[in-house]
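*Asks:* Mind having a look at this structure? Questions to follow.
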């Protein structure tokens, strides 16, 4: 008697080789796995492409936002008016134009050069020469800056030079009477011919010329001439007290511009100083560089309802 294993009924009935059936099942499973791998790779590629596109969009949006934050709009007529949004110039009403990179760079460099100085008392010794005229009665009138009156005596000696004899000085004395104001900076003083003076060639006629007063020492409050701005209300400076950081508009009374070199070491020998008669105290700070630019910024802030002052 022999013992053996019978094949399954379906194998018997179909006549198929069992080894071939097993092989075909494995191939099917392998094909399915490969399809899933390819699909997964496609999904990863799509995800990477989507992330890249999103990153590019975000970067572009950031660039637009950054560009908008540095864009400046300027008035074609008033280059000191610069704001970060489109609009109209508060001074003339013209539409503001977008600044170019060159204009923006130059503006930034200019603004960073702001300088300061303090109102200081300085001693000067200069000869005074002023326009004058002499009447037929021997009484003359001269127009002097008010700071030229500082230190003058009521009977100060001087010389008058007539237009017909500009090199011949005639001795005169100022009259002991108060001066009369002409405007905020100048005053009229009267003088008379000395009795001992020889009669000039133009005696008995009206003569136009100049009055020259000898050099005398006087102490004056001065600031660099570049600190003074002008408006319909009169001259003014952007000033701050010693304990303050905000510079505000301060109306001042001024005298003449001196050819002094007192600011020569800081602002160039041709800068000069201007005499302050009132409106400033000794030691107070004033803006001396880019004054017009900073004053325009102050006016623009005031037009928007902000504080009337600048902090350079």
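*Asks:* If residue 230 satisfies every condition in (1) more than 20 Å from residue 158 (Cα to Cα); (2) modelled with pLDDT under 85 but one, which is the exception?
*Replies:* All conditions are met except number (2).
*Asks:* Restricting to region 60-90, and then to whatever is modelled with pLDDT under 70 and assigned to a loop (DSSP other than H, G, I, E, B), can you tell me which residue is surrounded by the fewest Cβ atoms within 10 Å (Cβ to Cβ)?
*Replies:* 79
*Asks:* Can you find a residue that is within 30 Å of residue 148 (Cα to Cα) and either touching a helix residue (DSSP H, G or I) at 6+ places or on another chain (Cβ under 8 Å) or at pLDDT 60 or above (or both) anywhere in region 26-45?
*Replies:* no
*Asks:* Within region 153-195, which residues are surrounded by 14 or more Cβ atoms within 10 Å (Cβ to Cβ) and within 30 Å of residue 233 (Cα to Cα)?
*Replies:* Within region 153-195, 179, 184, 185, 186, 187, 188, 189, 190 meet the criteria.
The values are calculated or read from the model by the stated rules, or taken from the named source; none is laboratory data. Since the structure is predicted, the reported quantities are computational estimates derived from the model, not experimental observations. Here Cβ is always computed from backbone atoms with ideal geometry, including for glycine, and neighbour counts include all displayed protein chains.
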